[in-house]
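S.K.: Let me begin by handing over the structure; questions about it come next.
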Amino acid sequence: MKELIRARALESGFDDCRFTTAGPPASAGRFQDWLAGKNHGEMNYLERNAEKRIEPQKVLPGAKSVIALAASYEISSPQSAIRNPQSGVVARYARFDDYHNILAERLKRLTQFVDQLGDETRSLWYVDTGPLLERDLAQRAGLGFVGKHTNLIGRRLGNWIFLCEILTTLDLAPDAPEKNRCGSCVRCIEACPTNAITAPFQLDARRCISYLTIELKGPIPIELRPAIGNRIYGCDDCLAVCPWNRFAREGSLMKNHQRPELACPDLVGLLQLDEVGFKSRFSGTPVLRTKRRGLLRNVCVALGNTGDESALPALEKAAHDSEPLIAEHSRWAISEIESRRK
């Protein structure tokens, strides 16, 4: 039965498919301690459904197995884009159509196939949105290992992977778990611009640029703004330096969904987007999640860090934006650029 599921998963475009039990993840205690330390910042949903994350039976009563799947977003020959001195950087995973939609379509069909393999089988599928500790389950299933940056690393896929799961009442023999293979390497820790990786396998999300530019809804702390550089949506630094990326292979599922215009967008141009323009430009991409107020907040910070006097007219206009979050960050950016005149 496992091989039937695995074969169907690979035919659907997934790059790997492994199996584990539906028991509690071994990291449940560490996760609870992480929450108690408020390392999750404003991601209150993590605390709200913590009981489900540490006990899959509370997600699907009677669950016996987890089917863990990976889809690579490595692109061996990415479409080139013209970079100018005031370009922004978007995390690699977001330079595509929204992966939730792409993977969900295939995962739904795979789940229907799984349900047909047993009598009265019940299954639930998730693409990065379910109350599961997916990286821990993926390591237990053998997809990869959780690195010192707290992300999953695949020995055959590197760091550039999306994870999704099928929780099912079907009883499937588990695959062998993967062991950690970071060794003495600390490249990811050293690469983090904001020192968010406070120790091996420990992340303070409140300092992470991905959190600051995507999850955080309010002002970015002033002391962290300079370290953000020109990143406007997420950050890849800890992933990009990992030596396991030399084994990464191109994913068949994502390569036809590239959005080359997101590779290095012009910051001044983004700052001039109104609500309609923002939705039109980023429709169908992960960037839509930040809403206009969040993205333009990030753009202002990036211009404050990398912009020159040519960006001042656009920033001065943004300083009078009806959205206070944009206006405040724009005023900060103006101050930063003007201070470099002296």
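S.K.: Under a straight-distance cross-link criterion of Cα-Cα below 19 Å, which aspartates and glutamates are reachable from K217, leaving out those fewer than 8 residues away in the same chain?
M.R.: Within reach: E42, E47, D204, D274, E275, D321, E323, E328.
S.K.: Report the label-to-label distance for N195 and K217 in nanometres (one decimal), using points 7 Å from each Cα along the Cα→Cβ vector.
M.R.: 3.0
S.K.: Among S65, S184, S87, whose mean-square fluctuation peaks in a Gaussian network model of the chain (Cα, cutoff 10 Å)?
M.R.: Most flexible of the set in this elastic network: S184.
S.K.: Can you tell me the relative contact order of the chain? Whole percent, Cα pairs under 8 Å, sequence separation 6 or more.
M.R.: It rounds to 23 percent for the chain.
S.K.: Among [x] 21.1, 75; [y] 23.6, 76; [z] 20.1, 63, which one is Rg and Dmax of the Cα atoms in Å computed from these coordinates?
M.R.: From the options [x] 21.1, 75; [y] 23.6, 76; [z] 20.1, 63, the structure gives [x].
S.K.: Another one. Subtract the Cα-Cα distance of S339 and S252 from 0.36 nm times their separation in residues, and report this length gain in nm to one decimal.
M.R.: Extra length from S339 to S252 when fully extended: 26.5 nm.
S.K.: Report, in debye and to the nearest 20, how large the dipole of the chain comes out about its Cα centre when Lys and Arg carry +1 and Asp and Glu carry -1 on their Cβ.
M.R.: The dipole of the chain has a size of about 400 debye.
S.K.: How long is the gain from N180 to L4 if the chain were fully straight, where each residue apart is worth 0.36 nm and the alpha carbon distance is subtracted?
M.R.: 60.5 nm
S.K.: Output the lone cysteines of the chain: those with no second cysteine's C-beta under 4.7 Å from their C-beta.
M.R.: C17, C164, C182, C185, C192, C208, C235, C242, C264, C300
S.K.: Hey, what's the chain come to in accessible area per residue, 1.4 Å probe, Å²?
M.R.: Result: 45 Å² per residue.
S.K.: By a straight-distance test (C-alpha under 16 Å), which aspartates and glutamates pair with K52 as possible cross-link partners, with residues fewer than eight away in the same chain excluded?
M.R.: Partners found: D33, D128, E134, D136, E165.
S.K.: Do any chymotrypsin sites (Phe, Trp or Tyr not before Pro) in the stretch 1-71 lie in a loop, going by DSSP, with at most 14 other beta-carbon atoms within 10 Å of their beta carbon, and if so which?
M.R.: Loop-located and lightly packed - none at all.
S.K.: How large a share of the accessible area of the chain, in percent, is made up of carbon and sulfur atoms when the probe is 1.4 Å and the other protein chains stay in place? Show your work: numbers first, answer last.
M.R.: Values: 7770 of 15500 Å².
So the carbon and sulfur contribution to the accessible surface is 50 percent.
S.K.: Another question, then. Of A104, T169, C208, which is farthest on the positive side of the dipole of the stretch 78-230, counting Cα position, with +1 on Lys and Arg Cβ, -1 on Asp and Glu Cβ, and the Cα centre as origin?
M.R.: The one lying farthest along the dipole's positive direction is C208.
S.K.: At 222 nm, what helix-only mean residue ellipticity would the chain give, in deg cm²/dmol to the nearest 500, using -39500 (n - 2.57) for each DSSP H run of four or more?
M.R.: -9500 deg cm²/dmol
S.K.: Also, I was wondering about something else. Quick one: among A36, A240, A94, which has the greatest mean-square fluctuation in a GNM of the chain with alpha-carbon springs under 10 angstrom?
M.R.: Comparing A36, A240, A94 in the GNM, the peak value goes to A36.
S.K.: Roughly how compact is the stretch 70-185, stated as its Cα Rg over 2.2 N^0.38 Å to two decimals?
M.R.: On the way: Rg = 17.1 Å, N = 116, 2.2 N^0.38 = 13.4 Å.
Normalised Cα radius of gyration, the stretch 70-185: 1.28.
S.K.: Shifting gears a bit: State, as an integer percentage, the relative contact order of the stretch 1-67 based on alpha-carbon contacts under 8 Å between residues 6 or more apart.
M.R.: The value is 42 percent.
S.K.: Lysines within cross-link reach of K108: Cα-Cα under 18 Å, excluding same-chain residues under 8 positions apart?
M.R.: K2
The values are calculated or read from the model by the stated rules, or taken from the named source; none is laboratory data. Remember, it's a predicted structure, so these values are computed and weren't measured experimentally. In this analysis, Cβ positions are derived from the backbone assuming ideal geometry, glycine residues included, and neighbour counts consider all displayed protein chains. These area figures cover heavy atoms from the full protein model, side chains too; ligands, DNA and RNA do not enter into them. Shrake-Rupley method; radii C 1.70, N 1.55, O 1.52, S 1.80 Å.
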